[in-house]
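Read through the structure below, which is laid out as structure tokens, and then see the notes.
The values are calculated or read from the model by the stated rules, or taken from the named source; none is laboratory data. Since the structure is predicted, the reported quantities are computational estimates derived from the model, not experimental observations. Cβ coordinates were reconstructed from backbone atoms using ideal geometry, including for glycine residues, and neighbour counts include every protein chain displayed.
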Amino acid sequence: MLKHLFKEITRRPMGVACLAILAFLYLGTIFSQFLAPYLPTDQDLANAYHPPTRIVLEDWRPHVQVYEQVDPAAARYEPVEGETAPVNFFTAGEQYRFWGLVPAEMRLFQVEEPHRIYLLGSDGTGRDVFSRLLYGAQVSLSIGFIGICITMTLGFLVGGVAGYFGGKTDFLAMRLVEFIIAVPSLYLLIALRGALAEHFEPEQMYLVIVIILSLIGWAGAARIIRGMALSLRQRPFVLAAEVMGQSSLRILFRHFLPNLASYLLVAATLSIPAYILAEAALSFLGLGIQEPGTSWGLMLQQAQELKVFTLNMWWLLTPGAAIFITVITFNMLGDVLRDIVDPRQQIVKR
Amino acid sequence: MLSFIARRFLTMIPLLLGISVLVFILMAIAPGDFLDVARTQEDIPAEYIERMEEEFALGEPWHTRYFIWLGNVVQGNLGESWIYRVPVTELLWQRIPATLVLSALSIMFALCVAIPMGVLAAIYKDSIFDRVSSMFAYAALSIPEFFLALLAVMFAAQTGWFPTGGLSSVEHEFMSFWGRMADYAHHLVLPTIVLGMGSVASYMRIMRANFLDYIRSDFVTTARAKGVAEGRVMFVHVLRNAINPLVSASGFILATLLSGSILVENVMNYPGLGQLIFEALMRQDEFVVVAAVMMGCVMLMLGNLIADLLLAWSDPRIRLEKN
């Protein structure tokens, strides 16, 4: 089925574009340590709020324009005429552990100290926004996948059991679902986070966020899966399996799951953005990923200063653009998938 | 009709009880209380803290405190804010109107933009306008509210056309009545647009899909065959039917607005319910959190109820009594 799906996606220009963008984003995330010229915690207080550095070609080699600070209070930098520093490719820098395992020090590009390369400027403590963007992607882009894996499993189990068994189980499960849906989700997120966070170390916030997002996220999926399970229960092949004496668990996984798989896939793709947005929102409120960790939401929170707005430091808002691009791509891919899996809906939608 | 409304109100009671219990449990799980800051300051005498602990029954387990609180609520007393030392009702009374106005304006803004756009996109299907508006819908659905709010603040700071936050200006008190209204309106423009942007896209997509459905339905063909003018077919026959799902979608949209308002109110420093909930949670002001979360849920449920009533009014095929 996956092979067929992939083929169908590649037949549509929109699908190809979405896959390409996602591949680009995820490759960047996987190799973020190699691509980022600096560590995300690398400060340089002399270069706070540095604008993106200009890249010039000299002798067929990219050079970085050197800047000097003219007004520290207003964070104004002026380019120094004629002074540049060459960009070195594939050079060794500070050591890091690739994927936390293999020690390595190779970086794609670097500039000789004391000059610095800021492709997307620097933040209030002189940290490179581009590097932080890459490292932040590790959190922001993975949380959606882990989140949906948990919630789709939970949603399938609760919804499937409720729909298949009916009766009291169904009643209880659906009241619980209604309860979760009745409360505006961000209220619940913040309250749950307040209750859980202090029981974990700040470094484990990632785990906390995944847990609370999953605790809330399963409800919507469970309700729809229950509806589908209700109709599946009456289908002849399920009745036949029951008559043959197959166990409920087997029916659930061997007969329900394959029939719900396409729905689960589409729902998963369409709900990844919700997780990315929720993590960003929590981090943005200062309740998610904590320093020294980094995520796109946290970076936006740190950009929330009057100075940034009045002096037009647009580069500090690039994490928002990154979230936007990721979310819009997942949304479009989800729609493409839905058209493939459920062409009937497409006719109605047209 | 009345029995329907009464039943809906009755179902709200267990839900609100559940929510209040949940909030109490969650606040109890969270370590510490609102006196934590006071305890670390050496100039606050220990007796004072002890007296406060006693006054707010902080030593008691959560269920004891919950029933004390519930007893007070039944008598119409929502408790007192531990931090501001004012009754919770007073705080809510200040904040709820602000959030209500913002949500209502956002929904109205969304409807005013989305209905014409959806109708035009459906009538001129596959035209440039249709493509551009569907791209716009994708973008509006995908942009995080808080990022949009940041962009709006940046826009306000750069151009100076709008205030960067708040609900009123410093000289608000000295203005005439109309001056005050204009001042409010000036402050509300950006939050309304930011909060309503996602809803514009949702409404527009629903509107377009429904309009297309009804254009192909039999009664439209009949009307055309009878020689009814095309404008009349579109705006009387089709629009009248296609608008109903928008009404029923409003309940869901209100829920997203209330969630979004926490973020937007925080970024734009708008004194609404969302900001109150966030601050109270951060400072563990228990009664304020419980009351404010419950009020948010009540607003949501009332919104859903109003949406259902409106739907019944606008679509005579729906009978409320039977479901």
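Counting just the residues of segment A:297-322 that are in a helix (DSSP H, G or I), among the aliphatic types (A, V, I, L, M) and closer than 26 Å to B:W161 by Cβ, which one comes out nearest to the chain's Cα centre (by Cα)?
Taking the candidates together, the pick is A:A321.
Of the residues A:E94, A:E112, which is free of Cβ contacts under 8 Å to residues at least 40 places away in the same chain and either in contact with a helix residue (DSSP H, G or I) (Cβ under 8 Å, 6 or more places away or on another chain) or acidic (D, E) (or both)?
A:E112
Every residue in segment B:275-287 that is in contact (Cβ under 8 Å) with a residue 60 or more places away in the chain and within 21 Å of B:M12 (Cβ to Cβ), please.
Selection gives B:F287 alone.
Does segment A:138-151 include one or more residues that are part of a loop (DSSP other than H, G, I, E, B) and either surrounded by fewer than 17 Cβ atoms within 10 Å (Cβ to Cβ) or of a type in the set (V, I, T) (or both)?
Applying the first criterion (part of a loop (DSSP other than H, G, I, E, B)) to segment A:138-151 yields none.
Among the residues of segment A:138-151, not one is part of a loop (DSSP other than H, G, I, E, B) and either surrounded by fewer than 17 Cβ atoms within 10 Å (Cβ to Cβ) or of a type in the set (V, I, T) (or both), which makes the answer no.
Can you say whether A:G136 is at pLDDT 85 or above and under 23 Å from A:L265 (Cβ atoms), as far as the supplied structure shows? Give the steps one after another, and end with the answer.
Working: at pLDDT 85 or above: yes; under 23 Å from A:L265 (Cβ atoms): no.
Criteria not met by A:G136.
Would you be able to tell me the number of residues in segment B:210-260 that are within 11 Å of another protein chain (Cβ to nearest Cβ) and either touching a strand residue (DSSP E or B) at 6+ places or on another chain (Cβ under 9 Å) or not aromatic (F, W, Y) (or both)?
13
For segment A:179-193, give me each residue that is surrounded by 19 or more Cβ atoms within 10 Å (Cβ to Cβ) and in contact (Cβ under 8 Å) with a residue 40 or more places away in the chain.
Answer for segment A:179-193, where residues must be surrounded by 19 or more Cβ atoms within 10 Å (Cβ to Cβ) and in contact (Cβ under 8 Å) with a residue 40 or more places away in the chain: A:S185, A:L186, A:L189, A:I190, A:R193.
Kindly check whether there is at least one residue in segment A:58-72 that is in contact with a Pro (Cβ under 7 Å, 6 or more places away or on another chain), crowded, with 18+ Cβ neighbours inside 10 Å, part of a loop (DSSP other than H, G, I, E, B) and at pLDDT 80 or above.
The answer is no; no qualifying residue exists.
Assess whether B:M175 counts as being out of contact with any strand residue (DSSP E or B) (no Cβ under 6 Å at 6 or more places or on another chain), facing chain A (nearest Cβ under 10 Å) and either over 26 Å from B:P116 (Cβ atoms) or free of Cβ contacts under 8 Å to residues at least 40 places away in the same chain (or both).
Values: out of contact with any strand residue (DSSP E or B) (no Cβ under 6 Å at 6 or more places or on another chain): yes; facing chain A (nearest Cβ under 10 Å): no; either over 26 Å from B:P116 (Cβ atoms) or free of Cβ contacts under 8 Å to residues at least 40 places away in the same chain (or both): yes.
No, not satisfied.
Within segment B:283-291, can one find any residue that is more than 11 Å from chain A (Cβ to nearest Cβ), touching a Ser or Thr at 6+ places or on another chain (Cβ under 6 Å), of a type in the set (A, V, I, L, M) and surrounded by fewer than 21 Cβ atoms within 10 Å (Cβ to Cβ)?
no
On the basis of being surrounded by fewer than 20 Cβ atoms within 10 Å (Cβ to Cβ), among the aliphatic types (A, V, I, L, M) and not in a helix (DSSP H, G or I), does A:L176 make the cut?
So A:L176 does not fit the description; no.
Identify the single condition in (1) of a type in the set (G, A, S); (2) within 19 Å of the chain's Cα centre (by Cα); (3) modelled with pLDDT of 85 or more that B:A152 does not satisfy, given that it satisfies every other one.
Only one criterion is unmet by B:A152, namely (2).
Would you confirm whether any residue within segment B:244-255 is surrounded by fewer than 21 Cβ atoms within 10 Å (Cβ to Cβ) and aromatic (F, W, Y)?
yes
Going through segment B:150-178 one residue at a time, which ones are of a type outside the set (S, T, N, Q) and farther than 30 Å from A:A280 by Cα?
B:V170, B:E171, B:H172, B:E173, B:F174, B:M175, B:F177, B:W178
Would you mind stating whether B:E279 is within 14 Å of chain A (Cβ to nearest Cβ), within 23 Å of B:R95 (Cα to Cα), charged (D, E, K, R) and touching a Pro at 6+ places or on another chain (Cβ under 8 Å)?
In short, no.
Somewhere in segment B:278-285, is a residue charged (D, E, K, R), in contact with a Phe, Trp or Tyr (Cβ under 9 Å, 6 or more places away or on another chain) and at pLDDT below 85?
yes
When you go through (1) within 14 Å of another protein chain (Cβ to nearest Cβ); (2) in contact (Cβ under 8 Å) with a residue 40 or more places away in the chain one by one for A:S214, which number turns out not to apply?
Every condition holds for A:S214 apart from (1).
Need at least 2 residues that are surrounded by 12 or more Cβ atoms within 10 Å (Cβ to Cβ), within 14 Å of another protein chain (Cβ to nearest Cβ) and free of Cβ contacts under 8 Å to residues at least 40 places away in the same chain per element, so show me which helices (runs of 4 or more DSSP H) inside segment B:1-112 make the cut, counting only ones lying wholly within it.
B:2-29
Can you tell me how many residues in segment B:127-154 are facing another protein chain (nearest Cβ under 10 Å) and not in a helix (DSSP H, G or I)?
Selection size over segment B:127-154: 2.
Check off (1) assigned to a helix (DSSP H, G or I); (2) away from chain A (no Cβ under 13 Å) for B:W161 and give me the number that stays unchecked.
It is condition (1) that B:W161 fails.
B:P191 versus (1) under 21 Å from the mean Cα position of the chain (by Cα); (2) exposed (fewer than 13 other Cβ atoms within 10 Å of the Cβ): which is the lone unmet condition?
Single failed check for B:P191: (2).
Exactly one condition in (1) more than 11 Å from the chain's Cα centre (by Cα); (2) within 14 Å of chain A (Cβ to nearest Cβ); (3) surrounded by fewer than 23 Cβ atoms within 10 Å (Cβ to Cβ) is false for B:L263; which is it?
Of (1) more than 11 Å from the chain's Cα centre (by Cα); (2) within 14 Å of chain A (Cβ to nearest Cβ); (3) surrounded by fewer than 23 Cβ atoms within 10 Å (Cβ to Cβ), only one is false for B:L263: (3).
Before we move on, is A:A241 closer than 30 Å to A:S295 by Cβ and over 17 Å from the mean Cα position of the chain (by Cα)?
no
Scan A:T294, A:T318 and give me the residue that is of a type in the set (S, T, Y) and crowded, with 24+ Cβ neighbours inside 10 Å.
From the options A:T294, A:T318, the qualifying one is A:T294.
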